[in-house]
Amino acid sequence: MKTFTLFVKEHVSFMLFQIGLVSFILLLFWLDGFRNPNTAIYSVAMSILLTAGYLGAKFIMRRTYYAKIVEKPKQMEDALIRHIMTPEHRQTTAFTRELYRLYQHEVQTLYDRQNRHLHFMNQWVHQMKTPISVINLLLQEEEVDKKSLEQEVARIQNGLDIVLVNARLDTFEEDMQIERLLLRHVLQEVLTENKRLFIANGLFPVLNVDEHLTVATDRKWIKFMLNQFITNAVKYTFEKGKKIHVNAVQLPEGLCLEIKDEGIGIPASDIHRVTKAFFTGENGRLTGESTGMGLYIASEVCEKLGHELTISSKQGEGTTISLVFKDGEAGEQVDDATGR
């Protein structure tokens, strides 16, 4: 009954048109004086029969379609109507299927994002238990080791920074401000912030960047990325006395910033996966402190900023992270000492 009611509602305008057409034919016969009333009756009867036959045949052909759309759907696949007849319905079905595909993609994206956040938070909370436990133990000592306490606080702070950045990654465009910066000044700020980390691990940063080189980027995000690169370089350089080299070279495609350590390097089997979310690899399992999110977030930020990130490494010799600021983003600036 619902299918028939829906069919009638859809064709009300057509039936009204047919009634108007029959009325017009009767009007013509009336104006002609009804000289042949049998012809008028025959014309009206044939119009009604042909219209009824047309509507009846159309209803029979399309009843499966109407029966499908009046049913209460039980799953999303019910939107994919398979019994289609007219070109209009075929096009409507194709449009619906494309909407369904877009819906599935958006839902999967949201699910992956939510799952990523949940996985990361569970992993992060688990890892933060270690520095908190260490701090509690240090506080129980009669003489508190300030150096050790500062190291554990720094670990917590670094973890909090990653959590905040990961939360803001989905609204990156709203939190981005591109400006021209003096690259050496930004690097000096990052190295100074990590000074205690260098001292604690007995490593030495070597900065070889011309003070007039500038790049167009976001100050906050570039500092986060550089901090991740420097932290990783220090974390995986176990021998004291080694150096972390920070160089900048002008290439045809733009300015290339290189951060090179003399650490243990990355295995060839891991090099192409280090920017994947939650991937820790062999080196991460050695330290037991890796969340697998630092380089992933850095690579995502690079992509959004339009910078090219490449990682090369050789086990036992070290790792080099290259960040290329493409054409139009690198140059020399002498007059403006602020980098803005």
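The values are calculated or read from the model by the stated rules, or taken from the named source; none is laboratory data. Please read these numbers as outputs of a predicted model, since none were measured by experiment. With ideal geometry, Cβ positions are generated from the backbone for all residues, glycine too; neighbour counts draw on all protein chains shown. Note: accessible area is taken over every heavy atom of the protein model, side chains too, but ligands, DNA and RNA are not part of it. Shrake-Rupley method; radii C 1.70, N 1.55, O 1.52, S 1.80 Å.
Taking amide H positions as placed 1.01 Å from N in the peptide plane, with prolines and chain starts having none, which residues 5 or more places from ILE244, or on another chain, fall under 5 Å of its amide H?
Counting only residues 5 or more places away or on other chains, the set is PHE204, VAL206.
Given a 1.4 Å probe and heavy atoms of the protein chains only, how would you sort TYR65, TYR42, largest accessible area at the top?
Final ranking, largest accessible area leading: TYR42, TYR65.
What shape does the chain take by its C-alpha gyration tensor, where a ≥ b ≥ c are the square roots of the eigenvalues and a/c under 1.5 counts as rounded, a/b above b/c as prolate, and the rest as oblate?
prolate
Among the listed pairs LYS129/LYS260; LYS223/LYS260; LYS146/LYS240; LYS223/LYS304; LYS195/LYS220, give every one whose C-alpha distance is greater than 26 Å.
LYS129/LYS260
May I ask you to give the solvent-accessible area per residue for the chain, in square angstrom, as obtained with a 1.4 angstrom probe?
62
Mind checking which lysines have their Cα closer than 27 Å to the Cα of LYS72? Skip sequence neighbours fewer than 8 apart in that chain.
The reachable lysines, counting only those whose Cα sits under 27 Å from LYS72, are LYS2, LYS9, LYS58.
With +1 on each Lys and Arg Cβ and -1 on each Asp and Glu Cβ, how big is the dipole of the chain about its Cα centre, in debye rounded to the nearest 20?
Magnitude of the dipole: close to 2060 debye.
If we count every other residue with Cβ under 13 angstrom of LEU149's Cβ, Lys/Arg +1 and Asp/Glu -1, where does the sum land?
Local charge sum for LEU149: -1.
Compare the Cα positions of VAL107, TYR42, SER322 along the charge dipole of the chain (+1 at Cβ of Lys, Arg; -1 at Cβ of Asp, Glu; about the Cα centre) and return the one farthest towards the positive end.
Value computed over the given set: TYR42.
Sort 192-199, 23-30 by the packing proxy (mean of other Cβ within 10 Å over each peptide's residues), most packed first.
Highest to lowest by the protection proxy: 192-199, 23-30.
I'd like the carbon and sulfur percentage of the solvent accessible area for the chain, probe radius 1.4 Å, heavy atoms only, ligands and nucleic acids excluded.
On the chain, the fraction of accessible area on carbon and sulfur atoms equals 57 percent.
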